[in-house]
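One structure is given below, encoded as structure tokens.
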Amino acid sequence: MNQEKIGKFIAALRKEQNLTQEELATKLGITAKAVSKWECGKGLPDASLMLELCKILKITVNDLLSGERVDKENYQKKLEKNIIDTIDYSYKKVLEKNKIIYQMLLLFGLGIIFIAFTIYPTESSWGSIHSILGLLISTLGFINLKKNKIFKKLFLGLSYFIIGFILLIILDYSNVILNKMPPRFSYLIKTSENMVIYESPLCNVYRINRNTKNEYYIVDTKKEYTEDNVPLTPFNRDKSGIKNIIQFKNQYVGNNSNDSHLIDNLPLAEYGYVFEIDSENLGLIIDYHITDWYINESHYLEKSLLYNSVSIFALIDNVEQITFNFSGNTYVVTRNKIKELYPNFEDIVNNGVNQNNFNKYLENKMNDNDFVDNIFKKIFVN
């Protein structure tokens with residue numbers, strides 16, 4: 001079926017009838033743009049319009065589909081050919097429409113996956129549910145883009161879904177590693193008093209101090225930890241842990257930028273503070289913007305002051321005294337008292353700062369309330 005020939009034929013007949021494209025369109029109840037499209041050979045009239053169009057142009061449907069007036073001798077032959085061509089044309093149009101639908105399904109499914117990864121919180125099960133739903137929809141669109149036998153469609157669909165699911169797992173894993181957050185595709189979630197454990201195919205994620213200011217995550221890619229031996233601290237370990245604060249090690253107190261960064265990463269900084277240098281006594285004076293008793297649930301004040309004191313004395317070589325001021329009380333600690341009374345302090349500062357010993361003798365000890373209470377009373381002058 002020659003669309004260009006039919007288009008020229010329609011244009012010629014329209015002009016014979018002294019009709020403009022707009023006038024013909026009005027008679028048919030369509031737009032002039034549709035008539036222009038026919039005459040340019042970019043499409044054919046719908047079947048529902050053909051009889052009325054032929055009546056206006058004073059031709060038969062056979063003439064229209066032939067793109068010329070058919071004489072009586074060839075009428076039957078042309079009719080049969082036009083019927084076959086029309087069926088073939090209609091079939092191709094259906095395939096084109098279906099292809100557009102399946103392309104839209106493919107893109108719609110991918111869009112659902114994108115939304116699931118950007119809108120839903122990672123700990124929400126809806127994110128994983130909608131990701132899988134989006135993958136199923138895009139799989140349906142993918143396998144129908146081309147005409148294939150049923151077994152090939154099943155093979156392609158299964159392959160597409162498996163590869164897509166693996167990519168989702170990898171994308172989720174990358175997000176967990178880079179941003180330290182719960183995995184979307186966790187197959188088991190355990191919740192305890194202050195911890196949530198997410199078990200996923202590529203890693204386990206421990207959410208410590210959940211829903212507090214000191215919440216932090218441990219991404220266990222080797223799956224070496226359990227609920228019993230995962231590193232626990234009442235502080236934000238990503239911020240206050242030795243792996244981060246070791247960068248602020250300095251020989252001299254008085255480097256305001258370095259001192260400020262160190263204090264800012266230690267516990268209690270979340271409540272706001274100012275500090276000053278006591279040059280005469282080689283000391284630090286830190287004023288916190290909160291009352292001491294207000295933050296002492298589960299010995300948080302004592303743990304913070306012990307942790308901050310040992311950390312500062314370990315990381316600033318010549319500081320000799322630290323004064324912690326609150327709106328309620330003042331606490332003073334000296335290097336000599338830490339060296340004398342804090343167990344294993346020398347092991348922590350051996351050859352600089354030993355990070356393993358820091359975690360063993362300071363960080364881990366902050367989980368022992370009896371230890372903290374006993375040492376705090378010996379060391380601090382209130």
Please specify each residue of the stretch 159-215 satisfying the condition of being within 30 Å of Ser298 (Cβ to Cβ), acidic (Asp, Glu) and surrounded by 13 or more Cβ atoms within 10 Å (Cβ to Cβ). Glu199, Glu215
Options Gly41, Gly29; residue that is at pLDDT below 90 and on the phi > 0 side of the Ramachandran plot: Gly41
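For (1) surrounded by 12 or more Cβ atoms within 10 Å (Cβ to Cβ); (2) in the same structural domain as Leu140 (by TED's automatic domain parsing); (3) more than 52 Å from the chain's Cα centre (by Cα), each residue gets a yes or a no:
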residue	(1), (2), (3)
Asn18	no, no, yes
Ile30	yes, no, no
Trp38	yes, no, no
Leu49	yes, no, no
Lys81	yes, no, yes
Lys99	yes, yes, no
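Rundown of residues vs (1) surrounded by 17 or more Cβ atoms within 10 Å (Cβ to Cβ); (2) closer than 17 Å to Lys377 by Cα; (3) assigned by TED's automatic domain parsing to the domain that holds Ser279; (4) free of Cβ contacts under 8 Å to residues at least 60 places away in the same chain, yes/no style:
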| site | (1), (2), (3), (4) |
| --- | --- |
| Leu301 | yes, yes, yes, yes |
| Ile316 | yes, no, yes, no |
| Lys337 | yes, yes, yes, yes |
| Glu340 | no, yes, yes, yes |
| Ile348 | yes, no, yes, yes |
List the number of the failed condition for Tyr294; all other conditions in (1) under 19 Å from Ile263 (Cα atoms); (2) surrounded by fewer than 22 Cβ atoms within 10 Å (Cβ to Cβ); (3) aromatic (Phe, Trp, Tyr) hold. (1)
One residue is enough: does the stretch 218-241 have a residue meeting the conditions without any contact (Cβ under 8 Å) to a residue 12 or more places away in the chain and part of a helix (DSSP H, G or I)? no
If the Cβ limit is 7 Å and pairs must be 6+ apart or interchain, which residue in the stretch 46-66 that is hydroxyl-bearing (Ser, Thr, Tyr) pairs with which residue that is in a helix (DSSP H, G or I)? Thr60/Cys54; Ser66/Lys78; Ser66/Asn82
Qualifying position, being crowded, with 16+ Cβ neighbours inside 10 Å, more than 30 Å from Lys222 (Cα to Cα) and not assigned by TED's automatic domain parsing to the domain that holds Asn214, among Leu135, Leu156: Leu156
May I ask you to list the residues in the stretch 228-269 that are surrounded by 18 or more Cβ atoms within 10 Å (Cβ to Cβ) and of a type in the set (D, E, K, R)? Arg237, Asp259
Show me the strands (runs of 3 or more DSSP E) found entirely inside the stretch 276-382 where at least 3 residues are among the small types (Gly, Ala, Ser) and either at pLDDT below 95 or over 40 Å from the mean Cα position of the chain (by Cα) (or both). none
Filter result (surrounded by 18 or more Cβ atoms within 10 Å (Cβ to Cβ) and part of a helix (DSSP H, G or I)) within the stretch 120-131: Gly127, Ser128, His130, Ser131
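Give the residues of the stretch 138-153 that are touching a residue at least 12 places away in the same chain (Cβ under 8 Å) and exposed (fewer than 14 other Cβ atoms within 10 Å of the Cβ), sorted by residue number.
Within the stretch 138-153, Lys147 is the sole residue that qualifies.
Let's see how each residue does on (1) among the charged types (D, E, K, R); (2) under 17 Å from Ile6 (Cα atoms); (3) not in a loop (DSSP other than H, G, I, E, B):
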position: Asn18; (1), (2), (3): no, no, no
position: Trp38; (1), (2), (3): no, yes, yes
position: Gly41; (1), (2), (3): no, yes, no
position: Ile56; (1), (2), (3): no, yes, yes
position: Ile59; (1), (2), (3): no, yes, no
position: Asp63; (1), (2), (3): yes, yes, yes
position: Arg69; (1), (2), (3): yes, yes, no
position: Lys78; (1), (2), (3): yes, yes, yes
position: Asp85; (1), (2), (3): yes, yes, yes
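The values are calculated or read from the model by the stated rules, or taken from the named source; none is laboratory data. All figures in this text were calculated on a predicted structure; none of them were measured in a lab. Reconstructed Cβ throughout: ideal geometry from the backbone, glycine too, with neighbour counts over all protein chains shown.
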